[in-house]
């Protein structure tokens, strides 16, 4: 024994990594050196600082110069945003519309559209806003911002409120298909809520089934569920129960119960237990209450399940 630490593959790995870092990560490496901001970015930073300091008129002029003189999309958006913040609503609307028309694929279209819709809603001018957004949607049809505009238009109908007008616009988004709109899931679930509010159970069931049938399957990325998928299953079971179709209600909730990660699984178990109780099948009723307690004893439905076990003599 010489007292020298034994060589290991881990020691070797660290030494090799350190040597490579000297070569690739050191001050001589151009590959990892930070890229300095462009002159245009530096100018935007300067104008942004003006806005932060409350020098609104100077910032507006600076953003406008970058927008019109250099076709900087971000500056066009910021110019419109700052106009709204300065209380110049009419000019803010005009500049926002120009930004969306010029850059319909830009990531900032969504907040821009939301801002202009909020402007019309706050002013109580929803009908005018609906017309403006309808024309804008037609102008940029085929772009990724089309459904964002339509969804904002539906929101203006909702604020009036005009459920029929809102539903008509939402169905335009729904009919584009899941792969035709990033807002498809939200649009179809809102249409479901409208059908419920209008007490149209057949229409509600039809829309829920359409949403459930749009579930995507892939061996590579597993299954894609709508964020409202379990809401749909629970509600569909309720609709079947209300129309007296016990078998369909139970089979629908059974699918939800099998979905181990669903946030509404405890609700499905509790509803299933209650329905079995109504049918006089106490064995199944008690069995589902116990399963709820065994598997989700800390859920929101557990307290009621414990009480029912006592009341039913399980």
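The values are calculated or read from the model by the stated rules, or taken from the named source; none is laboratory data. Quantities reported herein were computed from a predicted structural model and do not represent experimental measurements. All Cβ positions, glycine included, derive from the backbone under ideal geometry; neighbour counts span all protein chains shown.
Each residue in the stretch 44-86 was checked for being free of Cβ contacts under 8 Å to residues at least 12 places away in the same chain and within 14 Å of residue 98 (Cα to Cα), and 2 pass.
Of the residues contained in the stretch 119-131, none is found to be exposed (fewer than 15 other Cβ atoms within 10 Å of the Cβ), under 23 Å from the mean Cα position of the chain (by Cα) and assigned to a helix (DSSP H, G or I). Among the residues of the stretch 39-56, those identified as surrounded by fewer than 10 Cβ atoms within 10 Å (Cβ to Cβ) and either farther than 18 Å from residue 77 by Cβ or modelled with pLDDT under 50 (or both) are 39, 54. State yes or no: is residue 111 at pLDDT 95 or above, surrounded by fewer than 16 Cβ atoms within 10 Å (Cβ to Cβ) and within 20 Å of the chain's Cα centre (by Cα)? In short, yes.
For the stretch 278-308, taking the residues that are part of a loop (DSSP other than H, G, I, E, B) and at negative phi, the one that is modelled with the lowest pLDDT is identified as 300. Could you list, in sequence order, all residues of the stretch 225-280 that are free of Cβ contacts under 8 Å to residues at least 12 places away in the same chain and exposed (fewer than 13 other Cβ atoms within 10 Å of the Cβ)? 244, 247, 251, 258, 260, 261, 278, 280, listed by residue number.
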